[in-house]
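Note sheet for the following structure.
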Amino acid sequence: MLGSFQVQLPEDLHLAFRVAGLSHALAASGFHLLVLLVAALEVGCSLGRSLRLALAALALSIFLICAGAQPLVVRAVLMGATALMNRDFG
């Protein structure tokens with residue numbers, strides 16, 4: 001979930017993902033952020049709107065810090081924040 005820049009995998013495992021056509025699964029991406037964001041929203045579903053949004057913002061921040069501020073991670077966080085605000089505020 002943090003991407004191959006943060007977690008070093010053995011070269012044979014990396015090659016196996018490449019051969020299987022799954023190397024995209026090793027990159028921190030919007031999909032990984034979406035999984036984390038949905039989990040945060042589900043945990044906070046019984047909370048009020050402001051607490052749920054704060055929990056989602058915390059999840060976005062943690063992902064950004066843990067995965068590193070690579071351009072694709074920053075883009076995923078910005079798009080996730082935009083989609084979250086659009087969903088809650090229209």
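So between V43 and H14, what do we pick up on full extension, going 0.36 nm a residue minus the alpha carbon distance?
Values: separation 29, 0.36 × 29 = 10.44 nm, distance 3.30 nm.
7.1 nm is the gain from fully extending V43 to H14.
Just the Cα atoms of the range 28-89, one point each, no solvent: what log10 I(q)/I(0) does Debye give at q = 0.14, 0.24, 0.30 Å⁻¹?
Debye intensities relative to I(0), on a log10 scale: -0.34, -0.95, -1.33.
What does the helix-only formula give at 222 nm for the chain: each DSSP H stretch with n ≥ 4 adding -39500 (n - 2.57), the total divided by the residues, and the result rounded to the nearest 500 deg cm²/dmol? Don't skip to the answer; put the middle values down first.
Working: 4 runs with 61 residues, N = 90.
Rounded to the nearest 500, it is -22500 deg cm²/dmol.
State the extension gain, in nm to one decimal, for the chain segment bounded by F89 and S61, taking 0.36 nm per residue of separation less the distance between their alpha-carbons.
Numbers: separation 28, 0.36 × 28 = 10.08 nm, distance 2.02 nm.
Between F89 and S61, full extension yields an extra 8.1 nm.
Mean Kyte-Doolittle of at least -1.0 plus a Cα span of 24 Å or more along the axis: flag which DSSP H helices in the chain meet both, please. If you can, show how the numbers build up before the last one.
Details: long enough: 49-67 (27 Å, 1.87); 71-89 (26 Å, 0.91).
Membrane-span-like by this criterion, though nothing is claimed about a membrane: 49-67, 71-89.
Springs between alpha-carbon atoms under 10 Å, Gaussian network over the chain: tell me which of A54, A16, A69 tops the mean-square fluctuations.
Comparing A54, A16, A69 in the GNM, the peak value goes to A16.
Values quoted throughout were computed directly from the atomic coordinates according to the rules given, and no laboratory measurement underlies them. The model shown is predicted, which means the values in this text are computed figures rather than measured ones.
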